[in-house]
Amino acid sequence: MKHCITDIQVQKKHPSRRSIFLDGEFYCGVAADTAARFSLRPGMEIDENELKDMLHEEDFSEAKNYVYRILARRMYTNKEIRDKLSERGYTAEIIQDVIAAMERYGYLNDKTFAEEWIRSRMQTKPKGKIALRQELARKGIERSIIEDALSRIFGDSKELDTALDLARRRVKSYSKDEPETARRKLWSFLLRRGFDFETVKDVVERVVGDM
């Protein structure tokens, strides 16, 4: 169905946007560059499909620019971006189109995110595989991607070395405790950091035994 653009007005509160009037009634607001890109002008006839395409293009461009801005600050997972766009009121179609574009351009990659997250944790706040799995899962990373990243970056020997290093530094604060008390505290500390039972048992026996 054809409609006639009867007026285009600069919005008083948002000078960079234009109010579009169809058949004498307000229809929508669009960015000035969207109006220019579609060559909108009073007296122009436009059908509903063209209008839908125009609004979709504007929402897509707006959402994509928003994602560019936040990705410039830090990496995000696919799920995190979906959640942020959803919170801003974008439709499922727009969200999917933006996600696909970001993945195509290489700006969104859960595999890369998982690997970088693990490397960062190893440098700033070392944790065991259990904790790392939980953190990445909460960010929406698929289990297969998590396991692949852990196996390549944080193998069993690396996890043991990490736990030993943490324990040897931590146990210094237990120097005045009885061995059994130090053992209990160290067990609790390592478990909270996400190391598995066997690793914790091995590490505690080695470190407390050396006190």
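The values are calculated or read from the model by the stated rules, or taken from the named source; none is laboratory data. As the structure is a computational prediction, the values presented were derived from the model and not from experiment. Virtual Cβ from ideal backbone geometry, glycine too; neighbours counted across all protein chains shown.
Can you confirm whether the stretch 183-199 contains a residue that is touching an Asp or Glu at 6+ places or on another chain (Cβ under 9 Å), surrounded by 12 or more Cβ atoms within 10 Å (Cβ to Cβ), of a type in the set (Ser, Thr, Tyr) and touching a residue at least 12 places away in the same chain (Cβ under 8 Å)?
For the stretch 183-199, residues touching an Asp or Glu at 6+ places or on another chain (Cβ under 9 Å), surrounded by 12 or more Cβ atoms within 10 Å (Cβ to Cβ), of a type in the set (Ser, Thr, Tyr) and touching a residue at least 12 places away in the same chain (Cβ under 8 Å): present.
Considering every residue within the stretch 16-29, establish whether at least one is more than 20 Å from Ile94 (Cα to Cα), free of Cβ contacts under 8 Å to residues at least 40 places away in the same chain, of a type outside the set (Asp, Glu) and not in a strand (DSSP E or B).
yes
Given the condition loosely packed, with under 13 Cβ neighbours inside 10 Å, modelled with pLDDT under 90 and among the polar types (S, T, N, Q), answer yes or no: does some residue in the stretch 64-87 qualify?
no
When the stretch 88-106 is examined, which residues are found to be surrounded by fewer than 18 Cβ atoms within 10 Å (Cβ to Cβ) and within 13 Å of the chain's Cα centre (by Cα)?
Matches in the stretch 88-106: Glu103 only.
Looking only at the stretch 165-182, count every residue that is over 31 Å from the mean Cα position of the chain (by Cα), surrounded by 11 or more Cβ atoms within 10 Å (Cβ to Cβ) and among the acidic types (Asp, Glu) and tell me the total.
Adding up the residues that qualify gives 1.
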